[in-house]
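Below: one structure, written as structure tokens.
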Amino acid sequence: MKIAFVGKGGSGKTTLSSLFVRHLAATGAPVVAIDADINQHLGAALGLDDAAALPALGAHLPLIKDHLRGTNPRIASAEQMIKTTPPGEGSRLLRVREDNPVYDACARPVELDGGAVRLMVTGPFTDADLGVACYHSKTGAVELCLNHLVDGRDEYVVVDMTAGSDSFASGMFTRFDITFLVAEPTRKGVSVYRQYKEYARDYGVTLKVVGNKVQGQDDLDFLRDQVGDDLLVTVGHSDWVRAMEKGRPARFELLEEVNGRALRTLHTAADATYELRDWARYTRQMVHFHLKNAHSWGNERTGADLAAQVDPGFVLGEEVTAPA
């Protein structure tokens, strides 16, 4: 299952995504965690002291492209792949449980209570990265990997997305089985929800709201009034989280029961979307955004007609095999 956590800056989405990753690991499930935020905090939230030293997806983009291109005859070179290039016959795919050169270069195991997860990050941003085009070129590595990822039941890819509505600059927001939007009980807190709801309306995106920093009935009533049935669960103060943020987390099994129940609710909601999967629609959406990007900037930048990369007979799915 592919799961996104989104929300405005400071909403607590990284904290909640890290708690959800810990919860999944404690169940023994295979997990790939991806930090796609412009602010790289997921590694630290998972307890890494040297999170800044993690290998960056953006720095390994040539390797990623070369591996994923495989023997696809529609892609003349790795240089002609852009962030939205869809897979086709001959492309190499990524699977959650396998070993491959992309994971070898870009993923690191993180030991958590009850299990381990693979963690990948876009990489730190420098002065040279200032500007929208440069920023999206780095997160484009995440989108390219998601386009080529095949995950099955009880396999999880959890992505901590960039804050606000930046993910709508590409088609990455359609790459998930479910999106958890973390919202505080304030007008600013629900503003990103309204943007997501509007943008995602025509793409079949499953969106659920996680109310964070909810302190009483008035906060709960406010969120229910603003987001209606999209409100899935709420989370309040956590002494366990406070200790974690100080670098002194207790064992995860000691997380407050009310917050443990909230994580189980998220897990149940994510699993329920498996039966709603439509790989044909998923592939069509990939192609739609690829053609859009090709026309707006990709063809000019690469000097090629990137529409020719689309394999009209290819549908991504769990049964698809790819070259070794």
For the chain, longest principal axis from Cα atoms; helix 217-227 axis from its Cα atoms; angle between them, nearest 10 degrees, is 30 degrees
Counting only residues 5 or more apart in sequence or on a different chain, those whose built amide H sits under 5 Å from that of Asn212 are Ala183, Glu184, Val235
Answer label, with mean projected area of the Cα convex hull in nm² calculated from the coordinates and candidates (i) 15.7; (ii) 20.8; (iii) 18.2: (i)
Please check: in the Gaussian network model of the chain (C-alpha springs, under 10 Å), which one of Ala36, Ala243, Ala25 has the largest mean-square fluctuation. Ala243
Please give the peptides 104-111, 58-65 ranked by average Cβ packing (other Cβ atoms within 10 Å per residue), highest first, as a rough proxy for protection. 58-65, 104-111
Roughly speaking, what is the stretch gain from Asp239 to Asp99, that is 0.36 nm per residue apart minus the C-alpha to C-alpha distance, in nm to one decimal? 46.7 nm
Looking at the range 242-324, which GluC sites (Glu not before Pro) are in a loop (DSSP not H, G, I, E or B) and have at most 14 other Cβ atoms within 10 Å? Glu318, Glu319
What is the sum of charges, Lys and Arg at +1 and Asp and Glu at -1, for the other residues whose Cβ falls under 12 Å from the Cβ of Val110? -2
Past 26 Å, Cα to Cα: identify those pairs from Lys213/Lys246; Lys65/Lys208; Lys8/Lys197, in the order given. Lys65/Lys208
Considering Cα pairs under 8 angstrom that are at least six residues apart, work out the relative contact order of the range 179-324 and quote it in whole percent. 16 percent
For the charge dipole of the chain, defined by +1 on Lys and Arg C-beta atoms and -1 on Asp and Glu C-beta atoms about the Cα centroid, which residue among Gln215, Val227, Tyr156 has the Cα displaced farthest towards the positive pole? Val227
A correct Karplus calculation of ³J(HN,Hα) over the range 242-250, with 6.51 cos²θ - 1.76 cosθ + 1.60, θ = phi - 60°, whole Hz and x for Gly and Pro, returns 4, 5, 4, 5, 8, x, 10, x, 7
Could you sort 212-219, 285-292 so that the peptide with the highest average Cβ count within 10 Å comes first and the rest follow in order? 285-292, 212-219
FRET efficiency, 1/(1 + (r/R0)^6) with R0 22 Å, evaluated for Glu79 and Ser296 via beta carbons: 0.70
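Read-outs: derived from the displayed coordinates by stated rules, not from any lab. Since we're looking at a predicted model, the values are computed, not measured. Using ideal geometry, Cβ is built from the backbone for each residue, glycine included, and neighbour counts are taken over all protein chains shown.
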